[in-house]
Structures are given as C-alpha cells and as structure tokens.
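Nothing in this text is a laboratory measurement; each read-out follows from the coordinates by a stated rule. Everything numeric here is computed off the predicted structure, so don't read it as measured data. Ideal geometry is used to build each Cβ from the backbone, glycine not excepted, and the neighbour counts take in all protein chains shown.
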Amino acid sequence: MYKIVFLRHGESTWNKKGLFTGWTDVNLTKTGEAEARAAGRELKRRGFAFDLAYTSFLRRAAKTLRIVLQELKEEKIPVTADWRLNERHYGNLQGLNKIEMAKKFGENQVLIWRRSYDVRPPKIDSRNRYNQKNDVKYAGIKVPETESLKDVVARVLPLWQKIIGPQVKAGKRIIVSTSNNNIRALVKYLDKISIKEVIGLNIPTGIPLVYELDKDLKPIRHYYLADPKKVKAAMEKVKNQGKIKRS
C-alpha cells in the first residue's frame with residue numbers, strides 16, 4: 001500500500017477578503033500560517049515523514065509547505081515547484097469580490113464560475129493589473145487567460161501520471177501542497193467521481209488529505225487528518241463563499 005498527502009494551502013489574504021484569487025500571488029494570513037503549523041504538527045503526531053514535496057509557483061502554497069516541513073524537521077527534503085499546481089486561473093474575475101459579484105450577477109452565476117466543470121470565467125483583460133502574462137517567473141510558459149476545472153484537470157493529470165504517480169509507485173513518500181481546484185481535479189481522477197459530484201466537492205484549507213493507494217495507484221480509502229466536525233465546518237465555509245448573507 002502507498003500513501004500520498006494532498007494539502008490545500010492555509011487561508012490566504014484574499015480568501016479572507018472573499019476575492020477571486022486564481023494565479024494572483026497573495027500571501028497567507030496569520031490564520032493561514034496557524035493552519036499550516038497545525039497541519040505539520042498533526043502529520044508529525046501521526047508519524048508521517050516525506051522523501052519529496054511538490055508545490056506551485058504561488059507563495060501561499062509554497063509557504064504552507066515550508067511551515068509544514070519546518071514542523072516535521074524535514075526542511076532539507078527536495079521540493080519541486082511546478083506551475084501546473086497553480087490554482088485555476090479565474091480570468092477577469094481575479095481581484096473581484098465574490099459577494100459583490102453575487103449581488104451583481106446572482107449567486108447561481110458565481111456558483112457556476114466557482115464550481116462548474118467546463119465553464120470558463122471571462123478572459124482576463126490585457127490591461128488587468130492581475131494579468132500574469134508578463135510575469136518573469138512564467139517565462140516560457142503560456143499563461144492562461146481563463147480556465148475551467150476541466151482545464152485544470154488537463155494540466156494536472158500529466159504531472160500525476162508521468163511524474164508524481166511513478167514516484168509514489170517507486171516507494172517515495174510525497175506531500176503535495178497546492179490549491180483548491182488542483183486537489184478537486186486529482187480527486188476527480190483518482191476516485192473517478194462524476195462531474196455532478198465534483199461540482200459539490202469542497203476542499204478545506206490547511207487540513208491534510210491522505211490517500212491510501214493499491215499497487216496500481218487505485219484508491220483504497222482517503223481521509224482528512226482532523227476531527228470530522230472540524231472538517232465539515234471548514235467545508236461549509238468554503239461552500240458558502242459567494243453567498244449573500246441575509247438577515
């Protein structure tokens with residue numbers, strides 16, 4: 001049996017503000033840092049150790065991983081940053097407030113933008129300050145103008161199938177610190193869940209998700225390293241983003 005740990009980064013500054021983030025490179029909040037420390041401590045308590053780590057080009061995921069590895073005293077293990085683990089690109093929505101967009105376009109439209117499988121948000125304008133097209137760290141990479149979850153699946157799966165998966169099969173203990181939609185994409189693939197099911201899938205911030213896999217990398221089971229009530233509350237928090245609060 002093999003194990004791999006997926007970890008959505010801790011709360012970011014834009015998570016807290018309720019903004020569409022995507023490829024915008026924002027930092028963790030103090031809460032997000034605390035979530036990362038708690039994740040590291042829980043992994044250590046459960047006896048987890050790692051040989052390799054993967055993360056994205058985004059500091060919120062990279063910093064989460066760094067804090068976790070510090071808690072585990074494993075700062076020296078090889079860490080690979082790969083742009084394919086970047087969050088879904090939200091196009092021209094990046095930087096906009098989800099509640100304000102819900103008031104303007106309706107909660108259902110925001111839900112479609114956030115959770116649909118194959119609907120892309122409006123393409124990012126070339127003049128948008130949150131356009132990463134000219135960011136030097138993406139030199140040689142075709143930065144998307146917008147993405148659906150289906151697009152994220154298309155870029156993440158080759159990384160799993162050609163690199164991470166074979167390393168797991170070779171016996172490497174791996175942690176992947178990434179973002180919401182990347183984990184949704186991997187869960188859809190591993191568990192072979194339907195489009196309808198993945199639309200309702202909410203990944204909580206800062207709680208390790210463990211997959212146990214058989215010799216063919218087929219899931220045996222998966223579970224979060226946290227109290228079920230805590231996981232449920234964290235999932236509800238993610239689910240309710242973009243909903244207008246009513247008195």
* Structure fact -> Computed on Cα atoms, the radius of gyration and Dmax of the chain in angstrom are 17.3, 55
* Asked: Can you give the % of DSSP beta bridges in the chain that are antiparallel, to the nearest 5?
  -> 50
* Structure fact -> So, relative contact order of the chain in percent, Cα under 8 Å, 6 or more apart, is 30
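If the chain between ALA233 and GLN167 were fully stretched, how many nm would it gain, using 0.36 nm times the residue separation less the Cα-Cα distance? Write out the running numbers ahead of the final one.
Working: separation 66, 0.36 × 66 = 23.76 nm, distance 3.36 nm.
So the chain would gain 20.4 nm between ALA233 and GLN167.
I need to check one value: relative contact order of region 153-247, counting alpha carbon pairs closer than 8 Å and at least 6 residues apart, in percent. Don't jump to the answer; show the numbers that get you there.
On the way: 67 pairs, mean separation 21.2, N = 95.
Reported as a whole number, the value is 22 percent.
Give, as a single signed number, the net charge of other residues whose beta carbon lies under 13 Å from the beta carbon of PRO144, with Lys and Arg counted +1 and Asp and Glu -1. Don't skip to the answer; put the middle values down first.
Numbers: positive: ARG84, ARG88, ARG120, LYS123, LYS133, LYS142, LYS150, ARG155; negative: GLU87, ASP135, GLU145, GLU147, ASP151.
Local net charge: +3.
For a 30 Å ceiling on Cα separation, which of these pairs sit above it: LYS218/LYS239; LYS103/LYS192; LYS76/LYS232? Write out the running numbers ahead of the final one.
Values: LYS218/LYS239 28 Å; LYS103/LYS192 35 Å; LYS76/LYS232 34 Å.
Correct reply: LYS103/LYS192; LYS76/LYS232.
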* To do: Would you please name the trypsin sites (Lys or Arg not before Pro) within region 163-220 that are DSSP coil residues with at most 16 other C-beta atoms within 10 Å of their C-beta?
  => LYS172, LYS192, LYS215
* Mind listing the long-range amide H neighbours of ILE193? Cut-off is under 5 Å, sequence gap 5 or more, other chains count too, H placed in the peptide plane at 1.01 Å from N. => none
* To do: Taking a cut-off of 29 Å between Cα atoms, list the lysines near LYS133, but don't count ones fewer than 8 places away on the same chain.
  => LYS16, LYS17, LYS63, LYS98, LYS104, LYS123, LYS142, LYS150, LYS162, LYS188
* To do: For LYS3, go through the aspartates and glutamates and keep the ones whose alpha-carbon is under 17 Å away, minus same-chain ones fewer than eight residues off.
  => GLU42, ASP51, ASP191, GLU212, ASP214, ASP216
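Are there GluC sites (Glu not before Pro) in region 68-114 that DSSP marks as loop and that have at most 14 other Cβ atoms within 10 Å, and which are they? Numbers along the way, then the final one.
Working: sites: GLU71, GLU74, GLU75, GLU87, GLU100, GLU107; in loops: GLU74, GLU75, GLU87.
Passing sites in region 68-114 are GLU75.
Where does each of 129-136, 232-239, 57-64 land if you order them by average Cβ count within 10 Å, highest first? It would help to have the intermediate numbers written out before the result.
Details: 129-136: 13.5, 232-239: 15.0, 57-64: 23.9.
Going from most to least packed, we get 57-64, 232-239, 129-136.
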* If one computes the Cα centroid of region 127-187 and of region 26-82, what distance in Å separates the two points? -> 17
